[in-house]
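Here's the structure, in structure tokens; my notes come after.
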Amino acid sequence: MLNQHFFKILILSAAVIVATQASACSKSVSGNTSSSSSGSVRNSGDEEQDILFYVNKFRKSKGLAPLSLSETLSVEARGHSKSMANGRTGFGHDGFEQRIDGISKKLGRVSAAAENVAYGNLSAEAVVDGWIKSPGHRKNMLGDFNLIGIGTAKGKGNIVYFTQIFISKPSDKTASK
């Protein structure tokens, strides 16, 4: 079990490295805040809600159910974003297993988990677009998950750090069978 978990984290980390070089994280990038070609642009002023909107819009375009926002997961995601923003932890997935363990203690059994991170001067739409263009991040957003937590935090130079945590939590009905 531990080796399988380690392998998943290793793959996830590799995907993050590839994606950060290609999209949002290698340098500060100005986000695209102009209207999208789909005509469905959102800028509510609540970045986390806007990220949820774009993630679920993407999932819907692929015939997948929307993810439900979990405050428990968002607290963990915000904490990780804050830790990266203030330098307590490096950019990446340090502490992922501990975050999932903490979530499991609060929510009960979790059957799968994943995480996406990014940083830059990006709008919600731009960061989600960057994740969509990265195979590893895209896989997480299209995964068999039902809950998401989203957290953002500003660091030096107003650079925003983004964290998404995805969880597959069996329903109580499924778990009791």
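Some values worked out for this structure:
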quantity: Every pair of residues 6+ apart whose Cβ atoms lie under 8 Å, when the first sits in the range 84-96 and is free of Cβ contacts under 8 Å to residues at least 40 places away in the same chain and within 16 Å of Phe166 (Cα to Cα) while the second is in a loop (DSSP other than H, G, I, E, B) and β-branched (Val, Ile, Thr); calculated: Gly95/Thr89
quantity: Residue pairs meeting the criteria (Cβ under 6 Å; at least 6 apart or on separate chains; first hydroxyl-bearing (Ser, Thr, Tyr), in the range 138-166; second in a helix (DSSP H, G or I)); calculated: Thr152/Glu47; Thr152/Ser81; Tyr161/Ser81; Tyr161/Met84; Tyr161/Ala85; Thr163/Ala77; Thr163/His80; Thr163/Ser81
quantity: Residue in the range 162-171 that is at pLDDT 90 or above and farther than 16 Å from Thr72 by Cβ present; calculated: yes
quantity: Some residue of the range 103-113 being among the hydroxyl-bearing types (Ser, Thr, Tyr), open to solvent by 20 Å² or more (accessible area, probe 1.4 Å) and either in a strand (DSSP E or B) or at pLDDT 95 or above (or both); calculated: no
quantity: Unique match (being open to solvent by 40 Å² or more (accessible area, probe 1.4 Å), at pLDDT below 95 and either out of contact with any Gly (no Cβ under 8 Å at 6 or more places or on another chain) or under 17 Å from Ile132 (Cβ atoms) (or both)) among Ser61, Ser44; calculated: Ser44
quantity: Number of positions in the range 114-159 that are part of a helix (DSSP H, G or I) and polar (S, T, N, Q); calculated: 2
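The values are calculated or read from the model by the stated rules, or taken from the named source; none is laboratory data. This structure is a prediction, so every number in the text was calculated from the model and none was measured. We place every Cβ from the backbone using ideal geometry, glycine too, and count neighbours over all the protein chains shown. Side chains are part of the model used for accessible areas, which takes the heavy atoms of the whole protein and leaves out ligands, DNA and RNA. Shrake-Rupley method; radii C 1.70, N 1.55, O 1.52, S 1.80 Å.
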